[in-house]
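Note sheet for the following structure.
The values are calculated or read from the model by the stated rules, or taken from the named source; none is laboratory data. Source: prediction; values computed, not measured. Note: ideal-geometry Cβ built from the backbone for every residue, glycine included; neighbour counts use all protein chains shown.
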Amino acid sequence: MKLVSKYIEIRGIKIHYLTGGSGKPLLHIPGWAITAEMNRKVGEFLSENYKVYIIDTPGDGKSGQIIKNWKYEDYIQVMEEFINKLNLNNIILIGHSFGGAIAISLVDNNPNIFEKVYLANTIGIAPDKVLIEYIQGKLRVDRKLYKLIPSYFKNFFFPTFTDQLIALKIIKDLEISDVIERVDKEFILLWGEEDHILSDRYKERLIKKFKNIKLVEIEGASHNMPMLEPERFAKYINNYD
C-alpha cells in the first residue's frame, strides 16, 4: 500500500513521517543517517498488515534541524511527543541500529504502550573496535549499499551536515546498559549475520544485557536489511508468532 508524507511540529521542529495502511499501529525508527524515504519499500510491505508510521528523526530526511545542545535524551522526548500527539497505543515498534537504542529507551519509559518490540541490528552498549572504525570512516562500504549511496549523500550533506556529526558523536558515546538491564519487556532481536558494522562479539555482549530477548539470526542479511531486502525483512515482522 502506498505511503504518504505528513508533518507534525514537535518542540518547534517540523517532523516528517511516512504513513499508510490500516490495523494496529507500527512505528519504525530508522538508524543513523537513514531516512523514512529510504525505508519506503519496507513500509509498503508492512502496511499490508499494519498502520505504518516511519519517522525522520530530527536532522534526517525532511525533518527540521536539531536544536542547540542536542542530546540522546532529546530523541526520546521527540518520539514520546510524536506518539502522544498521534494518540498511538498498542504499538508494534521497530528500531534499526541507532533507532534500536531509541526504541529501548522508549520502552523503558513507556512499557505499557508497546505490544511488541523488534530490534534490528541494534546498538546500545559501548562500541567495540569494529564500530569505532566505522564511525571514523575506516571501514569499506558494504557493496550492497552502493545503490543507496545517492540517498545517503543527500541526507548526510544537504542541508544538515552538522546535525549528522552531532548524532555521530552521540552514537560514539552511547552506553545505555543500565536501561537495557532493567527493562522487563520482551524484545525480538532480528540480526543480519553479515553485519559489517557490528561484530559478533558486540552482538554477544549486547544480548547478555537483556532480561528477556529472543534472537532471530538471518542468514546472508546485512546491517541494513530493512532497506536492502525490504520484502524479506517485512516477512519476519508480518509472519512472526
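List of remarks:
- Pairs with Cβ under 6 Å, 6+ apart, first in the stretch 175-189 and at negative phi, second buried (at least 20 other Cβ atoms within 10 Å of the Cβ) and assigned to a strand (DSSP E or B): F187/V117; F187/L119; I188/Y118; L189/L119
- Sole exception among (1) modelled with pLDDT of 95 or more; (2) acidic (D, E); (3) more than 26 Å from P230 (Cα to Cα) for E115, by number: (3)
- The criterion of at least 3 residues that are under 25 Å from N121 (Cβ atoms) and in contact (Cβ under 8 Å) with a residue 24 or more places away in the chain is met by the following strands (runs of 3 or more DSSP E) wholly inside the stretch 1-69: 13-21, 25-29, 51-55.
- Selection status of I94, outside any helix (DSSP H, G or I) and crowded, with 24+ Cβ neighbours inside 10 Å: yes
- Residue list for the stretch 190-204, filter: part of a helix (DSSP H, G or I) and either aromatic (F, W, Y) or surrounded by 21 or more Cβ atoms within 10 Å (Cβ to Cβ) (or both): Y202
- Selected residue [closer than 20 Å to I102 by Cβ and hydrophobic (A, V, I, L, M, F, W, C)] from I218, I213: I213
- One residue alone among G20, G61 is at pLDDT below 95 and touching an Asp or Glu at 6+ places or on another chain (Cβ under 8 Å), and that residue is G61.
- Of the numbered criteria (1) touching a Lys or Arg at 6+ places or on another chain (Cβ under 9 Å); (2) at pLDDT 80 or above; (3) within 22 Å of G220 (Cα to Cα), the one I123 fails is (1).
- From E181, E175, residue being surrounded by fewer than 17 Cβ atoms within 10 Å (Cβ to Cβ), farther than 30 Å from K24 by Cβ and at pLDDT 95 or above: E175
- Of the residues contained in the stretch 25-48, none is found to be among the aliphatic types (A, V, I, L, M) and surrounded by fewer than 17 Cβ atoms within 10 Å (Cβ to Cβ).
- Residue ID - surrounded by the most Cβ atoms within 10 Å (Cβ to Cβ), chosen from residues in the stretch 52-74 that are among the aliphatic types (A, V, I, L, M) and over 18 Å from L93 (Cα atoms): I66
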